[in-house]
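Encoded as structure tokens, the structure appears first; notes follow it.
The values are calculated or read from the model by the stated rules, or taken from the named source; none is laboratory data. Given the structure is predicted, the values throughout are model-derived calculations rather than measurements. Note that we place each Cβ from the backbone using ideal geometry, even for glycine, and neighbour counts take in every protein chain shown. In case anyone asks, the SASA skips ligands and DNA or RNA and just uses the protein heavy atoms, side chains included. Shrake-Rupley method; radii C 1.70, N 1.55, O 1.52, S 1.80 Å.
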Amino acid sequence: MMEEFILGFFIASLFGFIVLYRLLSKRPQRASIEEQNGPSVQKSSEQSVSQKDGGPDVVVVGAGVAGSSLAYSLAKDGRRVQVIERDLTQPDRIVGELLQPGGYLKLVELGMEDCVIGIDSQQVYGYALYKEGKYARLSYPLEEFNSDVSGRSFHHGRFIQRLREKAASLPNVKMEQGTVTSLVEENGTVVGVKYKSKDGQENTAKAPLTIVCDGCFSNLRRNLCVPQVDIMSHFVGMVVVLENSRLPHPNHGHVILANPSPILFYPISSTEVRCLVDIPGQKLPSISNGDMTNYLKTKVADQLPPELRDAFIKTVEKGDIRTMPNRSMPAAPVPTPGAILLGDAFNMRHPLTGGGMTVALSDVVVLRDLLRPVQDFDNAAALTKHLESFYTLRKPVASTINTLAGALYKVFCPAPDQASREMREACFDYLSLGGIYSQGPIALLSGLNPKPMSLVAHFFAVAIYGVGRLLLPFPSPKRVLLGARLLSSAYGIIFPIVKSEGVRQMFFPITIPSYNRGATVVMKSAMFDMLG
């Protein structure tokens, strides 16, 4: 029965997608970098460095997940890589701690899977949703994979240091600490960066290709994209130590569907559990005057499962509470000769689903495969043309995870109206059905099945399921109206996200010429890996 609903919706929605696509504005064309951004880009009269000069082939700005893994993968292919990172000490963050199975498989593809070893990382096999005393357990579809394939959770800083060590272990990677202040432009082409070294000295690093992946606080992204950063909410984070060191469902992430927004628990070591409380909006209760402690104890604690409540309150009373803004930014690149964006500097989504590192690692694989057949990077115009396909080839993974993160957050953080609350109830009950109803969505979330059409089908299947609950066994005018409002709410959630991701790139990439060129290159690269 549910498959019939999904098929019917596909047919009805196709026309809606076509109409929506025709309404989309054209991608903004790139003016000169200097005209758009003024003094943030420096002019240079020096000759750009090329492979023949003995300088680096690539300058990578940032040594986080994207920067470190890209440096390693390009260096393995014989490129000389210079990495400039603002701070090479171990980072301490409350996000970037859960890697989905799809992201782990990308680590394997890059040859960096050993970076999760030796940091007390924990295998994660799925999620447990909790709402008002009831659990819905959602397991990753891992039956076809080896036993080492799963999600991984860990201390973010430990993982980053392992990635950096792995990259720096290659002789053709030069990693140094420095603060990049600007891009260097020459005749309309980015030829490197200016930066301050650790000792405060002004330096210039030049290479035919500059890859900017300096994170969510990037000060260079405005030169290479049209940034539309939205702070959707804040995470309030703390480390909870449980008496038995186990969550109610061991080796699972826990999502508590609380009001006004969800709460997350997941292991980050053999003895510690990360708790993240989402608080919508841009204003937070004050930590310094005790408002935050009072909020967590009076508004949050009572909504937690009994097994977690006491440990949560004890942790709150200790006062080791940190906050992190949750940003969302659709990818809106401005193709620029000599430079490209990557990672959170380029594209962000709400971290509810833990998909950021999976998107970053997937982008690294796509970019590595596209660069692999290029002999040298000196012809900036030709390289820019060649890399056009990157923005479409990344879409299956990136748009699926981005859309799911945005849609789930809005469903799990409902508006006060009854239709929004019914949508959240329908989502929980739909996932609780098990079988294809839970396996499909969890495969999307995990990065194992990056199919945008499957995502949209399941999303509207939830909405239709919710309408069916309202109309059965006997519809009434009030329930019919509420069902119509529920469907309208579903459209209002998903379509703006789909529009920001790009309808044509998400659902009809084969119609884009650069996609077909790039797909051929990526296929050859995959064969190279298999044979190598």
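Anything in segment 386-444 that is in a helix (DSSP H, G or I) and of a type in the set (Asp, Glu)? List them, or say none.
GLU388, GLU422, GLU425, ASP429 - these are the residues of segment 386-444 that are in a helix (DSSP H, G or I) and of a type in the set (Asp, Glu).
Before we move on, is GLY338 surrounded by fewer than 16 Cβ atoms within 10 Å (Cβ to Cβ) and touching a strand residue (DSSP E or B) at 6+ places or on another chain (Cβ under 9 Å)?
It is false that GLY338 is surrounded by fewer than 16 Cβ atoms within 10 Å (Cβ to Cβ) and touching a strand residue (DSSP E or B) at 6+ places or on another chain (Cβ under 9 Å).
Do you know which residues across segment 171-200 are farther than 22 Å from GLN161 by Cβ and in a loop (DSSP other than H, G, I, E, B)?
ASN187, GLY188, ASP199, GLY200, listed by residue number.
What are the pairs with Cβ atoms under 7 angstrom where one residue, in segment 343-354, is closer than 15 Å to GLU97 by Cα and the other, located anywhere, is of a type in the set (A, V, I, L, M) and outside any helix (DSSP H, G or I)? Sequence gap at least six, or different chains.
HIS350/MET232; PRO351/VAL95; GLY354/LEU98
Look at segment 476-504 and say how many of its residues are farther than 19 Å from VAL456 by Cβ and open to solvent by less than 70 Å² (accessible area, probe 1.4 Å).
4
Starting from segment 423-443, take each residue that is buried (at least 16 other Cβ atoms within 10 Å of the Cβ) and list its partners that are of a type in the set (D, E, K, R), counting only C-beta distances under 7 angstrom and pairs at least six apart or across chains.
Partner pairs satisfying both residue conditions: ALA426/ARG469; PHE428/LYS131.
Could you go through segment 170-184 and let me know if any residue there is touching a residue at least 40 places away in the same chain (Cβ under 8 Å), polar (S, T, N, Q), open to solvent by less than 10 Å² (accessible area, probe 1.4 Å) and closer than 30 Å to THR384 by Cβ.
Yes.
Could you tell me which of the residues TYR409, TYR391 is touching a residue at least 12 places away in the same chain (Cβ under 8 Å), open to solvent by 20 Å² or more (accessible area, probe 1.4 Å) and of a type outside the set (S, T, N, Q)?
Exactly one residue qualifies, and that residue is TYR391.
Check GLN122, GLN161 and return the single one that is touching a residue at least 60 places away in the same chain (Cβ under 8 Å), open to solvent by less than 60 Å² (accessible area, probe 1.4 Å) and closer than 30 Å to ALA258 by Cα.
GLN122
Output the strands (runs of 3 or more DSSP E) that fall wholly within segment 226-286 and possess 2 or more residues being over 18 Å from ALA311 (Cβ atoms), open to solvent by 10 Å² or more (accessible area, probe 1.4 Å) and β-branched (Val, Ile, Thr), or say none.
Ranges flagged: none.
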